[in-house]
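For reference, the structure is listed below as structure tokens.
The values are calculated or read from the model by the stated rules, or taken from the named source; none is laboratory data. These figures come from a predicted structure and were not determined experimentally. Quick reminder, even Gly has a Cβ in these numbers, built from the backbone with ideal geometry, and neighbours come from all protein chains shown.
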Amino acid sequence: MNPALQGLITIVVGVGGCVAYYYFSNQLLDKVLFPARGPEAGRNINRANMIRPWLFLFPALFALGLYLAYPVFETLRLSLTQRLPGGGSEWVGLQNYRNMLGEPKFWEALRNNMLWLIVVPAASTAFGLLAAQLTDRIRWGNIAKSLIFMPMAISFVGASVIFKLIYDTRAADQPQIGVLNALWLQFEGGFWSLVFLKIVPALILLAFAAIVAWVAWIFVRPMFKTGEPTGFWTVPLRLFVAGAAIYLIFLSLRSIVNIFGAELPYGQPQTWLTIPFWNNFFLMVVLIWIQTGFAMVILSAALRGVPEDTVEAAIVDGANPFQIFFRIKVPQIMPTIVVVWTTITIVVLKVFDIVFAMTNGQWETQVLANYMYDKLFRANDWGIGSAAAMVIMLLVTPILVWNVWNARRELR
Amino acid sequence: MAGLKLTDVAKAYGEVKVLSNINLDISPGELIVFVGPSGCGKSTLLRMIAGLEKITGGTLEIDGVRVNDVPPAQRGIAMVFQSYALYPHMTVRDNMSFALRLAGKSQAEIDAAVEKAARALQLGPYLDRLPKALSGGQRQRVAIGRAIVRDPKVYLFDEPLSNLDAALRVATRIEIAQLKEAMPDRTMIYVTHDQVEAMTLASRIVVLAGGGISQVGTPLELYERPENEFVAQFIGSPAMNLFKGEITGTGTATAVRLAGGGTAVSAVPTRDGEQGLRVNVGVRPEDLVPTDDAAFLYQGTVDYTEALGEVTILYFHAEPGETAVIAKLPGIHADLRGRNVRLKADPRKVHLFSNGKSLLYRK
């Protein structure tokens, strides 16, 4: 049979089956189980109405249970067992987790995931906010918006292929087909090389450090205010944030020193994806490129929801455009920013396709999802693979809960 | 102490002219009310004074200084918005101190100004609340407080009471009147479409219509001596009745034969040779009184009555396409419905309009 015809039949049978299920189960409930006649008609109607939601929800609940809830528990079970040679399995307790924690590749994946977690949501949200604010001001803003949004329509694998071409390398005597190398070969160590490759990155890092310091200060400041009620967890949480901030500031300051110390190999084409540590950022660019459109669309809608008269009141109060943006508009859309940020964070924690398609975790670019895939389907080690999956779930869950809570508050 | 001077002020959006030839001299300490039908440009004019809309023609002076291109914050004005426009993410205190903070005032100065305004507006207990935790009236007071702390030379109010319920509107109107009395040297400009607000608050009213000023004057001037038919019908409720007629007698008093068969006598003087001039005779509903005399101004059948207790409003029968004549009689007269009633009016309260302009004001 022609595959197209097969597909068509599948669609008809599937959709028809759904319609038939809802129609006939409803008929069964109303006509056979609790018919609205006889001496108990009223009670039967009430009972039928109580059962109906469950009847209609059943297919969804069943599918979710089978494909989502059951695998969670099965994965948990698998992560505590080990495959025996020749078939069967045995209970090994937490041995898989112990083995996993002993592997340097796991720690590399965890570190990279944390890097992704900091950089991608921050960059996507920041660029999205910037694009949303700027495109609202110009005549061709809608065209710009469509262009920025378009990567959302490209699959992660497709985007990875595109960027692999951008990062592509040819020998120095051949024409470069990768845009990045073509650009790189323009730098020859002169004045502009100094500006673009030393000063600009240093300024970006410095700005990042300043923002981190500012955010940390906002978190820590209430500790010095006396008389305010503090919860049990707030002080350790604040200290943790402060510690993380100090670490990040240290990292960025050290990087600035490194930038100025580094001897750059001018004139040689680079294999970008094999430069340890920095290649992570080349991978992140792909996801930022995709997610900026998402952030922009949501934030643009939120910005339009900011009442125009509060902006006008701020103008009369003497605020300049920057103050209007950061002190009037951004605080008003803060809940939306949080939802966007956490949504992207969840995408980042699950990131797999980009790493799989571009480096497959080589050259120190491993991330947790690809690590799990590696263990589960290549090494055929279901125990450690499942353990890695549990770690990912553990990391995603709190953010997911927070995200849903924020989104629901937003709706209210 | 700041006066405003508007000279030939105009506003156009591209080809569309919204306002033109606005000339207005506002003395320091006045409370000027802009009224007019919706779309007449009264809010636009206020926003031009505030600096939120660009002035496309003419000059605006505040305190003798041309401010056409001065940013809003440096014009010495503060504005109270119709929707309050409170910053929803800031407490009442932060809302009120935002402008001072931007201006770089010291914390002590800011605290003093906020405390003072909060005391005057009874907002003390709410200073640390967010706007969403306040009632409509309280939000309105915060918006006024935000203006007060800046101690501006000119206060601008853009329909500040239109979002309040009827009872609160009256109370807040009185508060604004008292606020004005407490600051006799501050100029206020107030936009409204509510005549009661205009009549009670204003030292002078500016009636705007058709992209220009129709008349400027004290509330009673507008009521007693309207310059044109528009102002005559806009001020006062129900609107003034207009009867078509032809002058039959001139002199210090003018006699008019009306199209409906009646005759009117007006205290408005006319010149010799104006016999036969077609005019509109305007009489306010409250100035019409029933009469049994042979000489009547209008007679007609009462179609409908509205007894409000203190007054009864009579709606007379009108042919389709005509405006019904309305009379407002003191007391309760519900029994007049369906009856034929004759009306007359005091000559001093009979207005004469020719081509829409009052004959009283012609040169």
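A few comments on the model shown:
- Any pair with Cβ under 6 angstrom, 6 or more apart, that starts in region A:75-88 at a residue that is over 16 Å from A:ASN99 (Cα atoms) and ends at one that is among the aliphatic types (A, V, I, L, M): A:THR75/A:ALA389
- Here A:ILE259 clears all of (1) modelled with pLDDT under 90; (2) closer than 30 Å to A:GLN332 by Cβ; (3) in a helix (DSSP H, G or I) except the condition numbered (2).
- Residue satisfying all of: in region B:150-173; closer than 25 Å to B:ALA113 by Cβ, in contact (Cβ under 8 Å) with a residue 60 or more places away in the chain and not basic (Lys, Arg); surrounded by the fewest Cβ atoms within 10 Å (Cβ to Cβ) among these: B:PRO152
- Near pairs, Cβ below 7 angstrom, 6+ apart or cross-chain, from region B:31-42 (in the same structural domain as B:GLN195 (by TED's automatic domain parsing)) to any residue that is part of a loop (DSSP other than H, G, I, E, B) and not small (Gly, Ala, Ser): B:VAL33/B:THR192; B:VAL35/B:THR192; B:VAL35/B:HIS193; B:SER38/B:HIS193
- Among (1) surrounded by fewer than 18 Cβ atoms within 10 Å (Cβ to Cβ); (2) under 22 Å from A:PRO121 (Cβ atoms); (3) within 14 Å of another protein chain (Cβ to nearest Cβ) - the single one A:GLN323 does not satisfy: (2)
- Single condition A:ILE256 does not satisfy, out of (1) within 30 Å of B:GLN82 (Cα to Cα); (2) without any contact (Cβ under 8 Å) to a residue 60 or more places away in the chain; (3) more than 14 Å from chain B (Cβ to nearest Cβ): (1)
- Scanning region B:47-79 for residues that are closer than 17 Å to A:THR310 by Cα, in contact (Cβ under 8 Å) with a residue 60 or more places away in the chain and not in a strand (DSSP E or B) returns B:ARG47, B:ALA50.
- Residues in region B:237-252 that are touching a helix residue (DSSP H, G or I) at 6+ places or on another chain (Cβ under 6 Å) and surrounded by fewer than 18 Cβ atoms within 10 Å (Cβ to Cβ): B:PRO238, B:ALA239.
- Residues satisfying the stated conditions in region B:127-151, i.e. in a helix (DSSP H, G or I), over 22 Å from B:ILE77 (Cβ atoms) and out of contact with any Ser or Thr (no Cβ under 9 Å at 6 or more places or on another chain): B:LYS132, B:ALA133, B:GLY136, B:GLN138
- Residue selected from region B:190-204 under the condition part of a loop (DSSP other than H, G, I, E, B) and touching a strand residue (DSSP E or B) at 6+ places or on another chain (Cβ under 7 Å), by the criterion surrounded by the most Cβ atoms within 10 Å (Cβ to Cβ): B:THR192
- When residues in region A:386-412 are screened for being surrounded by 22 or more Cβ atoms within 10 Å (Cβ to Cβ) and out of contact with any Ser or Thr (no Cβ under 8 Å at 6 or more places or on another chain), 1 of them pass.
- Flag if B:ALA112 is at pLDDT 85 or above, small (Gly, Ala, Ser) and either in the same structural domain as B:PRO88 (by TED's automatic domain parsing) or over 18 Å from B:ALA182 (Cα atoms) (or both): yes
- Scanning region B:205-222 for residues that are over 11 Å from the mean Cα position of the chain (by Cα) and surrounded by fewer than 18 Cβ atoms within 10 Å (Cβ to Cβ), we see that the one that is modelled with the lowest pLDDT is B:GLY210.
- Conditions (1) within 14 Å of B:ILE189 (Cα to Cα); (2) surrounded by 16 or more Cβ atoms within 10 Å (Cβ to Cβ); (3) over 16 Å from the mean Cα position of the chain (by Cα); (4) not polar (S, T, N, Q): number failed by B:ILE22: (1)
- Meets criteria (closer than 23 Å to B:SER83 by Cα and surrounded by 19 or more Cβ atoms within 10 Å (Cβ to Cβ)) for B:THR187: yes
- B:TYR155 fulfils the conditions (1) under 27 Å from B:CYS40 (Cβ atoms); (2) more than 12 Å from every other protein chain (Cβ to nearest Cβ); (3) modelled with pLDDT of 85 or more except for a single criterion, (2).
- Candidates A:PHE127, A:PHE73, A:PHE56 - the one that is assigned by TED's automatic domain parsing to the domain that holds A:ASN279 and among the aromatic types (Phe, Trp, Tyr): A:PHE127
- Failed item, numbered, when B:GLN82 is tested on (1) closer than 18 Å to B:VAL9 by Cβ; (2) within 14 Å of chain A (Cβ to nearest Cβ): (1)
- If you go through region B:254-279 and keep only what is surrounded by fewer than 20 Cβ atoms within 10 Å (Cβ to Cβ), in contact (Cβ under 8 Å) with a residue 12 or more places away in the chain and not in a loop (DSSP other than H, G, I, E, B), you end up with B:ARG257, B:LEU258, B:THR263, B:VAL265, B:ARG278.
- Residue within region B:36-45 that is within 14 Å of chain A (Cβ to nearest Cβ), in contact with an Asp or Glu (Cβ under 9 Å, 6 or more places away or on another chain) and closer than 22 Å to B:GLY14 by Cα present: yes
- Scanning region B:1-36 for residues being hydrophobic (A, V, I, L, M, F, W, C) and not in a strand (DSSP E or B) gives a total of 2.
- Under the condition of being assigned to a helix (DSSP H, G or I) and either more than 10 Å from chain A (Cβ to nearest Cβ) or out of contact with any helix residue (DSSP H, G or I) (no Cβ under 9 Å at 6 or more places or on another chain) (or both), the residues counted in region B:98-111 number 5.
- Test: residue in region A:333-354 that is of a type outside the set (Ser, Thr, Tyr), within 14 Å of chain B (Cβ to nearest Cβ), crowded, with 18+ Cβ neighbours inside 10 Å and in contact with a Leu (Cβ under 9 Å, 6 or more places away or on another chain): yes
- Those residues of region B:152-168 which are among the charged types (D, E, K, R), touching a Ser or Thr at 6+ places or on another chain (Cβ under 9 Å) and in a loop (DSSP other than H, G, I, E, B), in sequence order: B:LYS153, B:GLU159
- Within region B:50-79, the set of residues being crowded, with 20+ Cβ neighbours inside 10 Å and either in contact with a Lys or Arg (Cβ under 8 Å, 6 or more places away or on another chain) or away from chain A (no Cβ under 14 Å) (or both) comprises B:ALA50, B:GLY51, B:ILE55, B:LEU60, B:ILE62, B:VAL67, B:ILE77, B:ALA78.
- Put simply, of A:ALA301, A:ALA295 the only residue that is surrounded by fewer than 20 Cβ atoms within 10 Å (Cβ to Cβ), more than 14 Å from chain B (Cβ to nearest Cβ) and modelled with pLDDT of 85 or more is A:ALA301.
- Selection status of B:GLU306, assigned to a strand (DSSP E or B), over 28 Å from B:TYR361 (Cβ atoms) and not small (Gly, Ala, Ser): yes
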